[in-house]
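Trainee: To start, I am sharing the structure in question, which I have written as C-alpha cells.
The values are calculated or read from the model by the stated rules, or taken from the named source; none is laboratory data. Only a predicted model underlies this, so the values are computations on that prediction, with no experimental measurement involved. With ideal geometry, Cβ positions are generated from the backbone for all residues, glycine too; neighbour counts draw on all protein chains shown. Note: areas computed on protein heavy atoms with side chains; ligands, DNA, RNA excluded. Shrake-Rupley method; radii C 1.70, N 1.55, O 1.52, S 1.80 Å.
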Amino acid sequence: MVFANRHLPFPHPPPPICIARPKPPKVNKTFVSLTQCSEAVIPTTMTSSRKLQFFLSAFDELQDREDGYYVVVGGTTPTPLGKGKSTTTVCLCQALGAYLNKKVVTCLRQPSQGPTFGIKGGASGGGYSQVIPMDEFNLHLTSDIHAITASNNLLAAAIDARMFHEAFQSDMVLFNRLCRPNKEGKCSFTDIMFRRLTKLGISKTSPEELTPGEIRRFARLDIVPDSITWRRVMDVNDRFLRKITVGQGSEEKGMTRETGFDISVASEIMAVLALTTSLGD
C-alpha cells in the first residue's frame, strides 16, 4: 500500500475515493527502490500495479543488511470510533518517511468490514492523507478475514453435523464411516486416529481389536449442546444475528439449539493466525 499525501489544491477536496482512484500506485517500483529485492515479489492477478505478493525468500537477500527498528502500536481501550491504532501507525509512517526521509514500511491488518460500514468508516484515512487503493484496502486486502470466516463456520457446521449424526446412528455405523476398508477390504487407523486413541488411553493398533465399549468411546464425541461456545462469524455488523436458533428445518428432526454470530475478527482462528509462527504451529 502507498500513502497519498499531497498538498491540498482545492478549498473543498473531492471524496476520498475520487482522490484514491485516478492514479494507481506503482507498488512494485516503490518496493524495489526501498529494499532492492526484485526477485522476492510478483504481481498479483489483475491488480499488478496495485498489490504484490511478498515471499519470505526476501529475508535471505536482506540478511547482510543492518537491522532496523521495530515499532509496535497497540491499544486495549476502544472508543465509538475505534482504538486509534491504525491512525497512529499511519501517522508515524508518514512522519518518518515523508518528513524525516527514513525508509519505513507499515504493517496493517485487513480492516474489519463491520466498522467499515458502521459509523467508524474505513481504516485508510481520508482526503489527501490516506492509504491507497482505499477500496481494496478496506474491503479485501489479502482476503485473510474471508478465509477465517469460512474456516470458523466450517468448524461450526461440523459440530452441529456431528451431534446430529451421533443422535440417530449406531456406534458401528459411526465407526465404519471413520474406518473404511481399503481395496483389499482391510481397515486401519490413520495418524490422527492414533492420536485420539492415545488420548483415550487405548493402546490397540488395529480396528478389529477394539471392544464394543472402546468402539463407542472412539466413534462418539458426545458433545453436550449447552456446552458449545463455538459460534458462527461474519464480517458485518448485524445485531439481529447476535442470538439465533439453528436446526429448525424439518430434516433436522428437532435438533434445535440457541447460538449466534460474532464478528469475524473475534474468532479464535484470527487469534491463531496472529500468534502462529509457522504452518505446523
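Trainee: Would you mind computing, in nm to one decimal, how far apart the modelled labels at residue 257 and residue 67 are, each placed 7 Å from Cα along Cα→Cβ?
Mentor: Placing both labels 7 Å along Cα→Cβ, they lie 4.7 nm apart.
Trainee: Suppose every Lys and Arg Cβ carries +1 and every Asp and Glu Cβ carries -1, with no other charges. What dipole size does the stretch 139-231 come out with about its Cα centre, to the nearest 20 debye?
Mentor: Values: 13 positive and 11 negative charges, 36 e Å.
Rounded to the nearest 20 debye, it is 180 debye.
Trainee: Can I ask one more? Order of 191-198, 218-225 by packing, highest average Cβ count within 10 Å first?
Mentor: Ranked by mean Cβ neighbours within 10 Å, highest first: 218-225, 191-198.
Trainee: Using C-alpha positions alone, give me the convex hull volume of the stretch 85-170 per residue in cubic angstrom.
Mentor: About 124 Å³ per residue, rounded to a whole number.
Trainee: Right, something else. With a bin width of 5 angstrom, please list the P(r) values of the stretch 207-255 as percents of all Cα-Cα pairs, from the 0 bin to the one holding the largest distance.
Mentor: Percent of Cα pairs in each bin: 4, 13, 14, 15, 16, 12, 10, 7, 4, 3, 1.
Trainee: Where the convex hull is taken over the Cα atoms of the stretch 163-281, what is its projected area averaged over directions, in nm²? Don't skip to the end; give the middle numbers.
Mentor: Working: hull surface 43.6 nm².
Projected over every direction and averaged, the Cα hull of the stretch 163-281 covers 10.9 nm².
Trainee: Same structure again: To the nearest 0.05, what FRET efficiency results for residue 98 and residue 223 with a Förster distance of 35 Å applied to their C-beta separation? Show your work: numbers first, answer last.
Mentor: Values: r = 55 Å, r/R0 = 1.57.
It comes out at approximately 0.05.
Trainee: Still on this structure, I have one more. Taking 8 Å as the Cα distance limit and 6 or more residues as the minimum spacing, I'd like the relative contact order of the stretch 148-281 as a percentage. Don't skip to the end; give the middle numbers.
Mentor: Numbers: 114 pairs, mean separation 36.6, N = 134.
Once normalised by length, the contact order is 27 percent.
Trainee: Still on this structure, please answer the following. Pairs of alpha-carbon atoms within less than 8 angstrom and 6+ residues apart define the contacts here; what relative contact order does the stretch 153-219 have, in percent?
Mentor: On the way: 35 pairs, mean separation 23.1, N = 67.
34 percent.
Trainee: Once ligands and nucleic acids are excluded and a 1.4 Å probe is used, how much of residue 179 is accessible, expressed in Å² to the nearest 10?
Mentor: For residue 179, the solvent-accessible surface is approximately 0 Å².
Trainee: Estimate the FRET efficiency between residue 241 and residue 17 by the formula 1/(1 + (r/R0)^6), using the beta-carbon distance for r and 35 Å for R0, to the nearest 0.05. Before the final figure, lay out each step's value.
Mentor: Working: r = 29 Å, r/R0 = 0.82.
It comes to 0.75.
Trainee: For a quick check of your reading of the filter: which chymotrypsin sites (Phe, Trp or Tyr not before Pro) in the stretch 70-142 sit in a DSSP loop and have no more than 10 other Cβ atoms within 10 Å?
Mentor: Details: sites: 70, 99, 117, 128, 137; in loops: 70, 117, 128.
In loop regions of the stretch 70-142 (DSSP not H, G, I, E or B), the sparsely surrounded chymotrypsin sites (Phe, Trp or Tyr not before Pro) are 70.
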